[in-house]
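Remarks on the structure that follows.
The values are calculated or read from the model by the stated rules, or taken from the named source; none is laboratory data. Fair warning: this is a prediction, and the values are worked out from it, not measured in the lab. Because the Cβ atoms are built from the backbone with ideal geometry, glycine has one as well, and the counts that use them run over all protein chains shown.
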Amino acid sequence: MLTSLKTPLKVLIVEDSAAMVRRITVSLAELSTPWLEVVGYSADAAEAIRMIRELMPDVVILDIFLAASSGLDVLRQTKREGTGPTFVVLTNYPNAQIRERCNAAGVKHFFDKSLEFERIRDVISELVQERLGC
């Protein structure tokens, strides 16, 4: 069977709020698919960059404003290095300037935490389906 050769979509969550990490994790678990694996969590940019290098996730769910650093640093560094995860930005600050900076860094999925949280699950579901060739 062709799908047996596929590997799960690896997701890294970069978020400094433990409550939001739980909410994202629960939301992804609701997809109920073996083709999705959350490979780690990070609360700061330097650790996230290290984890991206080591774990090579397919998707990074990224908060832009972290307690001690910026998700924009993660975007800039991964773009500079040519590492290729898909970024899904989830922020409380969805203003045009931040969106433009994210778009310039190659972000295609940019969501407001308070208004568009559920869109994360939709995007991840679509990426899993793409992985499986559906």
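Answer yes or no as to whether ALA48 is over 15 Å from VAL88 (Cα atoms) and in a helix (DSSP H, G or I).
No, not satisfied.
Would you point out the residue of region 76-101, among those that are hydrophobic (A, V, I, L, M, F, W, C) and not in a strand (DSSP E or B), that is surrounded by the fewest Cβ atoms within 10 Å (Cβ to Cβ)?
Per the stated criteria, the residue is ALA96.
Please pick out the residue among LEU31, LEU66 that is out of contact with any strand residue (DSSP E or B) (no Cβ under 6 Å at 6 or more places or on another chain) and surrounded by fewer than 19 Cβ atoms within 10 Å (Cβ to Cβ).
LEU31
Based on this model, can you work out whether ASP73 counts as outside any helix (DSSP H, G or I), free of Cβ contacts under 8 Å to residues at least 60 places away in the same chain and surrounded by 13 or more Cβ atoms within 10 Å (Cβ to Cβ)?
No, not satisfied.
Each row is one residue, and each column tells you yes or no for (1) out of contact with any Phe, Trp or Tyr (no Cβ under 8 Å at 6 or more places or on another chain); (2) on the phi > 0 side of the Ramachandran plot; (3) free of Cβ contacts under 8 Å to residues at least 12 places away in the same chain.
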position: SER32; (1), (2), (3): yes, yes, yes
position: VAL39; (1), (2), (3): yes, no, no
position: HIS109; (1), (2), (3): no, no, no
position: ARG121; (1), (2), (3): yes, no, no
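Check VAL26, VAL11 and return the single one that is under 17 Å from ARG131 (Cα atoms) and modelled with pLDDT of 95 or more.
Only one candidate qualifies: VAL11.
Here's the yes/no breakdown for (1) more than 14 Å from ILE13 (Cα to Cα); (2) modelled with pLDDT of 95 or more; (3) among the acidic types (Asp, Glu):
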| position | (1), (2), (3) |
| --- | --- |
| VAL59 | no, yes, no |
| ALA67 | yes, no, no |
| GLY71 | no, no, no |
| THR83 | yes, no, no |
| ASN92 | yes, no, no |
| HIS109 | yes, yes, no |
| ILE124 | no, yes, no |
| GLN129 | yes, no, no |
| CYS134 | yes, no, no |
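Hydrophobic (A, V, I, L, M, F, W, C), on the phi > 0 side of the Ramachandran plot and surrounded by fewer than 15 Cβ atoms within 10 Å (Cβ to Cβ) - does that describe any residue in region 46-60?
Yes.
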